Amino acid sequence: MGEKNTTAAGQSAQSEGGWQWCGQCERASRGGGGYSCGYDDCEGYIGTIWTWEYVRREHPYLPEVPERNVIYTLKK
Ligand SMILES: [Zn+2]
């Protein structure tokens, strides 16, 4: 626990189109590489970041391709 990936090169692990969802701000973004939220005004970090693919598997009502700055609240 608390282990951090310090390899900067690993940040490019997600290919283009790799959307992620942030549990902190409930928005989808790209560019965080699965490690941090793609929005500067959010402190979401690994642990609250989920791949869009994973979130959609659990919540199939979500769109295949999300939009930026749209809040996607996950229904339980
Ligand atoms: Zn966020």
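The values are calculated or read from the model by the stated rules, or taken from the named source; none is laboratory data. Just so you know, these numbers come straight off a predicted model, no measurement behind them. Please note: Cβ atoms are built from the backbone with ideal geometry, for glycine as well, and neighbour counts cover all protein chains shown.
Against the definition (modelled with pLDDT under 95 and either surrounded by fewer than 16 Cβ atoms within 10 Å (Cβ to Cβ) or outside any loop (DSSP other than H, G, I, E, B) (or both)), how does Gly38 come out, yes or no? Criteria not met by Gly38.
Of everything in the range 23-32, what is surrounded by 18 or more Cβ atoms within 10 Å (Cβ to Cβ) and either of a type outside the set (A, V, I, L, M, F, W, C) or in a loop (DSSP other than H, G, I, E, B) (or both)? Give them in sequence order. Cys25, Arg27, Ser29, Gly32 - these are the residues of the range 23-32 that are surrounded by 18 or more Cβ atoms within 10 Å (Cβ to Cβ) and either of a type outside the set (A, V, I, L, M, F, W, C) or in a loop (DSSP other than H, G, I, E, B) (or both). List every residue pair whose Cβ atoms sit under 7 Å apart, with the two residues 6 or more apart in sequence or on different chains, where the first one lies in the range 24-37 and is in contact (Cβ under 8 Å) with a residue 40 or more places away in the chain and at negative phi and the second, anywhere, is in a loop (DSSP other than H, G, I, E, B) and near the ligand (Cβ under 7 Å from one of its atoms). From the range 24-37, the pairs are Cys25/Cys37; Cys25/Tyr39; Cys25/Cys42; Cys25/Gly44; Arg27/Tyr39.
The residues of the range 51-73 that are exposed (fewer than 14 other Cβ atoms within 10 Å of the Cβ), hydrophobic (A, V, I, L, M, F, W, C) and part of a loop (DSSP other than H, G, I, E, B), listed by number, are Val65, Val70.
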